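The values are calculated or read from the model by the stated rules, or taken from the named source; none is laboratory data. If you're wondering where the values come from, they're calculated on a predicted model, not measured in any experiment. Here Cβ is always computed from backbone atoms with ideal geometry, including for glycine, and neighbour counts include all displayed protein chains.
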Amino acid sequence: MFFVAAMATAVLAASCSKDFEQRQIQSGSEPTVQLTLLQEPLELSTRSFFDQGISEAWERMVTKATLFVLDDTGNLALSRTLSASECGGHLTFAMPCASAGKTFDFYVVANCTVGPFSRKAELEAMMDGTSPAEYNGAFGEMNTGCLRAEGFVMSGRATGTMPTDGTTRQLNINLLRNVAKIAVQTTLNAGFSAQHNGGTVEITGATLSGAAAQSFLLSQTPPAAGQMTYMQTQASNKVLDSSLKPTFQNLFYIYGNPALSEAQYVTVTLDGIFDGDGNPATMDDRSEVQYTVTLNQNGGAIAKNGYHKLNVNIKGLPGVGVNDNFSIQGWSVPVEQFENAGF
């Protein structure tokens, strides 16, 4: 599903420069709400590159957040800019003009300022004003911090009915990042060198292509994506284990997308050098090689806030395609894929 009119509606776009006028919130006898901001459960998140545990600190960072409350007719009832302490987890506030038993939708948008709106439909039609390029760069920079100074754009929603007995309504909002995390780990099969007369392959870089170039600010039902035109190239990070066996690492952040036709799947292309005798001192036996794999699980769908681990094991030189086996790990929706490349 592709964006149509929504992409052209500039007045509805989420802005990172315009501030939204905060409405006055009165306290008194009105019903109150206690809101808790949550991120991914610890057991479903990632601690570091290709690991499991809690997500990186910079992936959970909230630099600013705004609460929007909409009534059951879709009108904006109030907005509130959260304080630094409230961004850390809890806030309690009164609901002005809210009669007991009335139902409201509560939205929180983090790390991006939202442009003016008055109706729910306008908020749900807003585009994320960032580009995936803001999150991507050199592996070493991405593996130690967020390249976007404001942090990852996140959003979440909850629905609650105001209490009729004067108690406080407690609600949880799960903050989900608008991007998915794609980790690529490439290794050389143990039998590669023997099969190719002592030759080796060194992966020099990876190019991710065919990903969504734009995203809605809020999650859509059913999922939607922009034009699948985003491409990012990154030099591979080489790590040696205790036996000096190399592993090549790449990391990308991209917007999610719904299931696609096979021809539209997001693609990762690995560029490398084949050294015919495995001796770096000889240069005349080297040639460029390229391996291409697709993110093919769940019909090519990339889950927003998902962590996709792509394991590539190079069995031989390119030439006969790749065997697919994909799963997701971490953040809120885990997937991991194993690929045997070459013949």
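Table for the structure above
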read-out	value
Filter result for Leu147 (at pLDDT 95 or above, out of contact with any strand residue (DSSP E or B) (no Cβ under 7 Å at 6 or more places or on another chain) and outside any strand (DSSP E or B))	yes
Single match in Gly101, Gly89, Gly156, Gly166 (criterion: assigned by TED's automatic domain parsing to the domain that holds Glu59, within 20 Å of Arg60 (Cβ to Cβ) and either among the acidic types (Asp, Glu) or surrounded by fewer than 17 Cβ atoms within 10 Å (Cβ to Cβ) (or both))	Gly89
Residue among Thr229, Thr221 that is surrounded by fewer than 18 Cβ atoms within 10 Å (Cβ to Cβ) and at pLDDT 90 or above	Thr229
Segment 265-288, residues that are of a type in the set (Val, Ile, Thr) and either surrounded by fewer than 19 Cβ atoms within 10 Å (Cβ to Cβ) or touching a helix residue (DSSP H, G or I) at 6+ places or on another chain (Cβ under 6 Å) (or both)	Thr267, Thr269, Ile273, Thr282
Count - residues of segment 217-271 that are among the charged types (D, E, K, R) and assigned to a loop (DSSP other than H, G, I, E, B)	2
Among (1) under 30 Å from Gln227 (Cα atoms); (2) part of a loop (DSSP other than H, G, I, E, B); (3) out of contact with any Gly (no Cβ under 9 Å at 6 or more places or on another chain), the one test that Asp165 misses	(1)
Scan of segment 302-319 for residues that are of a type outside the set (D, E, K, R) and crowded, with 22+ Cβ neighbours inside 10 Å, ordered by number	Ile302, Asn305, Gly306, Tyr307, His308, Leu310, Val312, Ile314
Options Leu171, Leu147; residue that is surrounded by fewer than 20 Cβ atoms within 10 Å (Cβ to Cβ) and without any contact (Cβ under 8 Å) to a residue 24 or more places away in the chain	Leu147
Count of segment 68-106 residues which are of a type in the set (Val, Ile, Thr), closer than 28 Å to Ala149 by Cβ and assigned to a loop (DSSP other than H, G, I, E, B)	0
Residues that are closer than 17 Å to Asp285 by Cβ and outside any helix (DSSP H, G or I), drawn from segment 192-203	His196, Asn197, Gly198, Gly199, Thr200, Val201, Glu202
Of all residues making up segment 107-128, the number that are part of a loop (DSSP other than H, G, I, E, B) and of a type in the set (Ser, Thr, Tyr)	2
Among residues of segment 204-216, those that are surrounded by fewer than 24 Cβ atoms within 10 Å (Cβ to Cβ) and part of a loop (DSSP other than H, G, I, E, B), counted	2
Filter result for the condition that a residue is over 28 Å from Val184 (Cα atoms), of a type in the set (A, V, I, L, M) and buried (at least 19 other Cβ atoms within 10 Å of the Cβ), over Met126, Met142	Met126
